[in-house]
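Enquirer: Would you mind keeping the following structure in view while I ask a few things?
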């Protein structure tokens, strides 16, 4: 049996915001009973969503799919202001599972707008977090910057009072380059007091950088629609690993892709549970003589408070 060295990147998997969001759904099901409706996937992971469906959660894209008089939960990615307003108008009881670090960006954007700043949002068009952040303010108050070429070329009507915020799940390296460009073009541009990219995104990318050159290949466990998971694949390729791929879970492994791989890096996006990492190692053990080591770049012990009504209950 072929030897395989598996190098685990740490931190990996669930972050505090994801754990909080999942717990909100589970606690709501205990308190109110099934069904509890959730607008959009609570986090971007099919395994997590399917588990919550089995417990009685129903996932929808918009509030008009929800009957009257049932609880509804907003996802960890955040929602435009129009969504809670619609819920109030319909007298729906709602719980907001928005990650507190995303809520920080929302409050930051509102404060900057109130001070007369035009806001540049660095992020990916169509991502729920970006839709939610842009939806905190009137149309035209925020301009989206998706990549370096846009940062280099965008024309703005207002340049005297400019500020920027970012999506929390971006590539740290790409974002640094875009911010440098914006600061060169607009020297007086105002940034956040603290970085908007969340600690979990940063730490997981740092861990991948620490193992990339040691690995012949890297597997990231996560969903295709998970921004932070996709960024881990990009980080691996950018920092010295010749091949890397994102897979949902062990059933998606292409065993031919692993041919001739002797050192395999393994990590998971912030919305992927550790059980999927364990599942992966178990499958590898059936096909290889596996030795597992771990490279840790940071400790994480951040927990976020639940909504008061769920704590009291």
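Each value in this text was obtained by applying a stated rule to the coordinates, not by laboratory testing. Predicted, not measured: the structure shown is a model, and the values here were computed from it. Here the Cβ is made from the backbone with ideal geometry for all residues, glycine too, and neighbour counts use every protein chain on show.
Enquirer: What distance in nm separates the simple spin-label points at residue 68 and residue 285, each placed 7 Å from Cα in the Cβ direction?
Expert: Calculated label separation equals 5.5 nm.
Enquirer: Another question, if that's okay. Using a 10 Å cut-off around each Cβ, can you sort 20, 190 from fewest to most neighbouring Cβ atoms? List each step's numbers first, then the result.
Expert: On the way: 20 21, 190 14.
Listed from fewest to most nearby Cβ atoms, that is 190, 20.
Enquirer: What whole number of Å gives the distance from the Cα centroid of region 178-238 to the Cα centroid of region 267-299?
Expert: The two parts, judged by their Cα centres, are 21 Å apart.
Enquirer: Additional query: Express the relative contact order of region 1-71 as a whole percentage, based on alpha carbon pairs under 8 Å and six or more residues apart in sequence. Could the numbers behind the result be given before it?
Expert: Values: 55 pairs, mean separation 21.3, N = 71.
Worked out over region 1-71, it gives 30 percent.
Enquirer: Return a whole-number percent for the relative contact order of region 67-191, with Cα pairs under 8 Å and 6 or more residues apart as the contact set. Walk me through the numbers before you get to the answer.
Expert: Working: 181 pairs, mean separation 31.5, N = 125.
RCO, region 67-191: 25 percent.
Enquirer: Also, I was wondering about something else. Show me 124-136, 290-302 ranked by packing, highest mean number of other Cβ atoms within 10 Å first.
Expert: Working: 124-136: 18.8, 290-302: 13.1.
The packing order, highest mean first, is 124-136, 290-302.
Enquirer: Given labels modelled 7 Å from the Cα in the Cβ direction, how far is it in nm from residue 161 to residue 296?
Expert: 4.7 nm
Enquirer: Moving on. For region 101-185, rounded, prolate or oblate, judged on the Cα gyration tensor with a ≥ b ≥ c (square roots of eigenvalues), a/c < 1.5 rounded, else prolate if a/b > b/c?
Expert: Values: a/c = 1.61, a/b = 1.10, b/c = 1.46.
Taking the square roots of the gyration eigenvalues as a ≥ b ≥ c, region 101-185 is oblate.
Enquirer: Quickly estimate the mean residue ellipticity at 222 nm for the chain, helices only: each DSSP H run with n ≥ 4 gives -39500 (n - 2.57), and the total goes over all residues, rounded to 500. If you can, show how the numbers build up before the last one.
Expert: Values: 11 runs with 121 residues, N = 313.
Counting only the DSSP helices, I get -11500 deg cm²/dmol.
Enquirer: While we're here: What is the spin-label model distance, in nm, from residue 216 to residue 237 if the labels are put 7 Å beyond Cα along the C-beta direction?
Expert: 2.0 nm
Enquirer: Over the chain, calculate the relative contact order: mean separation of alpha carbon pairs under 8 Å at least 6 apart, over the residue count, as a percent. Each step should come with its number before you reach the end.
Expert: Numbers: 597 pairs, mean separation 84.9, N = 313.
With pairs under 8 Å counted, the relative contact order is 27 percent.
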